[in-house]
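Chemist: Here's a structure for you.
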Amino acid sequence: MTPIIHAIEGLSIWIGRAFGWCILILTLSIVYEVFVRYVLNAPTLWAFDMSIQMYGALFLMAGPYALAQDTHVRADVLYRFLEPRWQAQLDLVLYFLFFFPGMFALVWFGWEIAMDSWRYKEVSWNSPARIQIYYFKTLIPVAGGLFILQGIAECMRCYLAIKTNIWLPRLKDAQKTEDLLKGQAIVLEIK
C-alpha cells in the first residue's frame, strides 16, 4: 500500500512543481506589462487575462500538491492532542462526509462547464483581446480528478495509521520556513 500512496503523492508533487512555474510566468508578464504601460505608454491587450489564467491554473493545480504535503489549513486545536489512530479515524470520516462529495461535484460540474466552453469556443468577455478560456476551464475537472486521486492516497494513509497508530511519513518536497528555523536553532544549540 505504501508504494501506491507514494506514487500518488509523487504525481501530485510533480504536477504542483510543474504548475509552480506559473508564478514565474505570471510575475514576468506583470513586470513586462507595467514596463510597457508606464514607461513606453503602450499597454498590452493580453496581460490582464494571462494573469488571471496563470493564477487560476496555479491555484487549481497546487491544491492536490498542498494536500500531498499536508499543508492545507486545519483547525487542529484539539486534533493535535489525539493519537494518530484517532486522528486518522476523524480524517477518514471527514474525507467521506465532505471532501469526496465536494470533489466529485467539482469534477461533475467542472466537466459540464469545460464541455460547454469547448463547444462554444468560449473567449473572455471582459477582454479586448478575446482570449480563449476553454483551455483554462478544462483544468477544473482535471484538478478535481487529481484531488480525488490524492484523497484516495490520504484515505489509505489513514487506514495504515488506524492499524499501526503511526502516520506514514510523507514524501518531502519543500520545507516550511518555521521548520527550517527550528532546524537552525537545534544546530545552534548543539554548537
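Read the figures in this text as sums done on the coordinates, not as results from a lab. Quick caveat, the model's predicted, so the values are computed rather than measured. So basically every Cβ, Gly included, is an ideal-geometry build from the backbone, and we count neighbours across all protein chains shown.
Chemist: Packing-wise, with mean Cβ within 10 Å as the measure, how do 108-117, 124-133, 46-55 rank, highest first?
Modeler: Order by mean packing, descending: 46-55, 108-117, 124-133.
Chemist: Can you compute the modelled spin-label distance between Gln89 and Trp118, with each label point 7 Å from Cα toward Cβ, in nm?
Modeler: My value for the distance between the label points is 4.5 nm.
Chemist: Check Val123: other-chain or 5+ apart residues with amide H under 5 Å from its amide H, H built from backbone geometry?
Modeler: Ile133
Chemist: With a ≥ b ≥ c taken as the square roots of the eigenvalues of the C-alpha gyration tensor of the chain, please select rounded if a/c is under 1.5 and otherwise prolate if a/b is larger than b/c or oblate if it is not?
Modeler: oblate
Chemist: Could you sort the peptides 10-16, 161-167 by per-residue average Cβ neighbour count (10 Å cutoff), highest mean leading?
Modeler: Put in order of decreasing packing, that is 10-16, 161-167.
Chemist: Now for a different question. Between Tyr135 and Ala105, what is the FRET efficiency for a Förster distance of 25 Å, r being their Cβ-Cβ separation, to the nearest 0.05?
Modeler: Taking R0 as 25 Å, the efficiency between Tyr135 and Ala105 is 0.70.
Chemist: What nm value, rounded to one decimal, do you get for the distance between Val39 and Thr2 when each label is placed 7 Å out toward the C-beta?
Modeler: Those two pseudo-labels are separated by 5.4 nm.
Chemist: If we count every other residue with Cβ under 14 angstrom of Leu168's Cβ, Lys/Arg +1 and Asp/Glu -1, where does the sum land?
Modeler: Charge balance in the 14 Å sphere: +1.
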